[in-house]
Every structure is written in C-alpha cells, then in structure tokens.
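Scroll down for the structure; my scribbles are underneath it.
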Amino acid sequence: MPNLLEGKTALVLGLANRWSIAYAIAAAFKREGAELLVTYQGERQRETVEELAAELGAAKCLCCDVSRDEDLDKLAETFREANVTLDAVVHSIAFANREDLAKPFVETSRSGFALAADVSAYSLVAVSRVCKPFMTRGGAVLTLSYLGAVRVVENYNVMGVAKAALEASVRYLASDLGASGIRVNAISAGPIKTASARGVKNFGKILDQLPAIAPLKRNTDPAEVADTAVFLASNLGRGVTGNVIYVDAGFQIMGVATT
Ligand code: 1JT
C-alpha cells in the first residue's frame, strides 16, 4: 500500500542529524508522498539540518526552538504567509541536563526538573496550539515517548517524569482536539542510539542486554518507529487517538526473565 501520505503536508520538529528518530520519520513520510516542512533548533544545527532537508526534498526548513514563544509565533506567521495547511505534526524533541540522567532522581534540582518538563512535555502543548489553526482538514499530532514514563528505568530519572507528563498531555490534547478531527498519539520507542542517547551512562549496556529479554530478540530499528508514525499519520490510523503505541520489539510486555 504505497503513498499512504499522498497530498498531505507534515511538519517535523526534532531533526538534528541522520541518526535522529525525526529523520527516519521524515524519510518514511517522504517515501509515502508527504510534503515535508522541517525545523531546526538553532544556528548550531542549521547547516546539518538544511542539508538533510534538501536531501529529503523538504519544502521548508525553519528555525524553531520550542522553548521560545517568539519562535513558535514566527513559525505560525510563516505558515500564515505561505497559506500552509498541515495534516501531520511530528514532535520528536526532549532535553534534560546530562547530570540529571546520572545522579539519583531524588537529587534533581528545581531548575533541572522545570527544564526537562518545559522542553520535553510542555512543548507538545505549545506546538499543538500553534499548529491547530493550520490543521483545517483535521490531522495527526505525534510525539515520541519511552518506557521510563511508566516504569522506573535506572538513570532515566527526570526524563521519565517529563515523559509521564508528555503521555498525560497526549490524552488531554486528544480530548481537546478530537472535535476538530485532530488525533494526538505517542509512540513509545525502544532505546535507540541517537546523538541524545549517546553519552548517557550505561546506554550501551541497555542496548546489549535488551535482545535477550525482548520477544523479538533484537533492538528497535528507527525505521520501525517511522512506519508506525506513517500509520498514525495516515487514514489507516483514523480511529486511534490519545494512545501510546509501543514500538519496542515487545520489551514492554515482559515481567521476570532469566537470562
Ligand atoms: C533524552 C536523552 C531523552 C535520552 C533519551 C531520551 N529519551 C530516550 N532516551 C534514550 C534513553 C536514555 C536513558 C535511558 C534509556 C534510554 C538524553 C538527554 C536529552 C533527553 O536510561 C536507561 C538515560
């Protein structure tokens, strides 16, 4: 079933490099015929993301730091001027201080907690609000989560609490936006070696141990996450909203395992 997103326009936030989950999603959306609008966080990412955007044939490559209201206002202004209609919005953004992913959770500072919650959870609310006026045919908002939202995962710490807020936000947004024909869902991906994940304490160890436990006996491929994003953004996903779909080689279902 090719071209599942033909005639649709998708905004993809969170593209930083070729290893970004957002890159895999953008590539899959492109494959399915979507027109792409991509954003980069700041000057430091600009060149890399502009190159990737060109490679993906993106119609626009825009600067947007989701922690800045001015940037979000500017994004809306650009959409208004260009008469953009959005059918899909992909939010693939998270941040926490490195030290907050290494110390015990109880040591989390007020500012570290606020930063992780702002960038990783509140930004979905802000992005949804800004994009809603342009989703005049209805559409789909997607975000990325991780198991640490609902279980204690060593070192995930404040990101787990931020992802819990993100998943709850998905439900409240789905309730608010459903009447406008906008569906809001999260994909909870298995651990993937992205630039963000690299350098996180013991991340390599988690990737090494997971295949022994996960039903599919392997790690998660970003392309699998991207294909689930295609499904959710397409007409095939029309009955699904407010949900968290696990794309994690089945890891999440397991209880006690002896390996
Ligand atoms: C951030 C980072 C968000 C890493 C992330 C993330 N969401 C998933 N990961 C990967 C990961 C990280 C840890 C983990 C399991 C998966 C890095 C900082 C910016 C936000 O712990 C077992 C720590």
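The values are calculated or read from the model by the stated rules, or taken from the named source; none is laboratory data. Everything quoted here is computed from the prediction, not taken from an experiment. Note that we place each Cβ from the backbone using ideal geometry, even for glycine, and neighbour counts take in every protein chain shown. Please note that ligands, DNA and RNA were not included when accessible areas were found on the heavy atoms of the full protein model with its side chains. Shrake-Rupley method; radii C 1.70, N 1.55, O 1.52, S 1.80 Å.
Taking segment 18-29 only, how many residues are open to solvent by 10 Å² or more (accessible area, probe 1.4 Å), within 11 Å of Leu52 (Cβ to Cβ) and not in a loop (DSSP other than H, G, I, E, B)?
Total satisfying the criteria: 2.
Could we say that Ala140 is within 15 Å of the ligand (Cβ to nearest atom) and either crowded, with 18+ Cβ neighbours inside 10 Å or in a helix (DSSP H, G or I) (or both) here?
no
Can you name every one of the strands (runs of 3 or more DSSP E) wholly within segment 32-106 that holds 1 or more residues which are within 16 Å of the ligand (Cβ to nearest atom) and touching a residue at least 60 places away in the same chain (Cβ under 8 Å)?
Output list reads 88-91.
Give segment 151-183 a look and list any residue that's assigned to a helix (DSSP H, G or I), basic (Lys, Arg) and more than 15 Å from the ligand (Cβ to nearest atom), or say none.
Scanning segment 151-183 gives a single hit, Arg171.
Is it the case that segment 218-238 has a residue that's at pLDDT 95 or above, in a loop (DSSP other than H, G, I, E, B), surrounded by fewer than 13 Cβ atoms within 10 Å (Cβ to Cβ) and at positive phi?
no
Cβ-Cβ distance below 6 Å, separation of 6 or more or different chains: which pairs start in segment 235-251 with a residue that is among the aliphatic types (A, V, I, L, M) and end on one that is surrounded by fewer than 17 Cβ atoms within 10 Å (Cβ to Cβ) and outside any helix (DSSP H, G or I)?
Close Cβ pairs (under 6 Å, with a partner that is surrounded by fewer than 17 Cβ atoms within 10 Å (Cβ to Cβ) and outside any helix (DSSP H, G or I)) amount to Ala249/Leu216; Ala249/Arg218.
Name every residue in segment 184-216 that is within 11 Å of the ligand (Cβ to nearest atom) and part of a helix (DSSP H, G or I), in order of residue number.
Phe203, Gly204, Lys205, Ile206, Leu207, Gln209, Leu210
Does Asn3 fit the bill of being part of a loop (DSSP other than H, G, I, E, B), free of Cβ contacts under 8 Å to residues at least 12 places away in the same chain, out of contact with any helix residue (DSSP H, G or I) (no Cβ under 7 Å at 6 or more places or on another chain) and farther than 29 Å from Phe113 by Cα?
no
If you take the residues of segment 107-134 that are hydrophobic (A, V, I, L, M, F, W, C) and open to solvent by less than 10 Å² (accessible area, probe 1.4 Å), which of them is nearest to the ligand (Cβ to nearest atom)?
So the residue we want is Ala116.
Please verify whether Gly242 is surrounded by fewer than 19 Cβ atoms within 10 Å (Cβ to Cβ), touching a Lys or Arg at 6+ places or on another chain (Cβ under 9 Å) and assigned to a helix (DSSP H, G or I), treating the condition exactly as stated.
no
Just to be sure, is Leu210 closer than 16 Å to Glu154 by Cα and touching a residue at least 12 places away in the same chain (Cβ under 8 Å)?
yes
Checking Asp69 against (1) open to solvent by less than 30 Å² (accessible area, probe 1.4 Å); (2) closer than 21 Å to Leu166 by Cβ; (3) of a type in the set (Asp, Glu), only one condition comes out false. Which one?
It fails just one condition, (1).
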